[in-house]
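Each remark here refers to the structure printed beneath this line.
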Amino acid sequence: MAKKSAKTKKSIENTLVKLMSEKDFDKINVKDLTDELDINRGTFYLHYKDKYDLLQQKEDEFIEESNKILNNVLKKLHKDFILPSDKEILLQVFTPVYTYIKENADFLKAVLGPNGDLNFQMKIKNTIENRLVENISLNNDIEKMPIKYLAPFASSAQLGIIQKWLRSGMKETPEELADFASSIIFTIYNGAIKDMIT
């Protein structure tokens, strides 16, 4: 029964993604989803309160899994380690994250695209920003001006890279994109930011 329920949820999520690639989320209703899947509305409401709950659950699942991936890498580091200071460590962070993004490309293209959810963009930016703040503030005063503005700058840049990769058909592998992003961050950190925060 649980397996069937999980399969139904997955089908509903996939249908939402499909419809979001065709029209604005605001113009999608539960009937569109149930008609597309050929299920009754009661089946939908067994799993979700409404279409917003469906989207919220899917977005939260993505953020939660992304955080797990980051935690698995970061727990291996010394607690006083500043992430941007080592390109190899950055590669270890970005490669699995970008791999997960590629595995969920259809969902992310829909939710980060023109018919998607602007709130989700803010969720991603806030997640990146919070993780960076946690890391850098271990040995620094986060209210120092360079650090205070570094985190939102970095989170916007990272979201921009992800969106561009998705829009351009992900021609680069996750490893190639991770190498590119790591090189940029490492160079910026060691060329300008390091002296500001130490």
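Computed from the coordinates by the stated procedures, all read-outs in this text should not be read as laboratory data. Everything numeric here is computed off the predicted structure, so don't read it as measured data. Heads up, the Cβs are rebuilt from the backbone with ideal geometry, glycines too, and the neighbour counts pull from every protein chain shown.
If r is the Cβ-Cβ distance from Lys76 to Asp38 and R0 is 41 Å, what FRET efficiency results, to the nearest 0.05?
Result of the calculation: an efficiency of 0.30.
If r is the Cβ-Cβ distance from Ser183 to Leu118 and R0 is 35 Å, what FRET efficiency results, to the nearest 0.05?
0.70
Label-point separation (nm) for Glu134 and Asn14, each offset 7 Å from Cα along Cα-to-Cβ?
With each label placed 7 Å out from Cα toward Cβ, I get 3.3 nm.
What is the sum of charges, Lys and Arg at +1 and Asp and Glu at -1, for the other residues whose Cβ falls under 15 Å from the Cβ of Asp32?
-2
Looking at segment 4-110, which chymotrypsin sites (Phe, Trp or Tyr not before Pro) are in a loop (DSSP not H, G, I, E or B) and have at most 14 other Cβ atoms within 10 Å?
Filter output for segment 4-110: Phe81.
Any idea how far apart Asn190 and Lys3 come out in nm if each label point goes 7 Å out from Cα toward Cβ?
5.1
Going by C-beta contacts inside 10 Å, put Leu55, Leu118 in order with the fewest on the left.
Leu118, Leu55
Quick check on the exposure proxy: order Ile128, Ile63 from fewest to most C-beta atoms within 10 angstrom.
Ile63, Ile128
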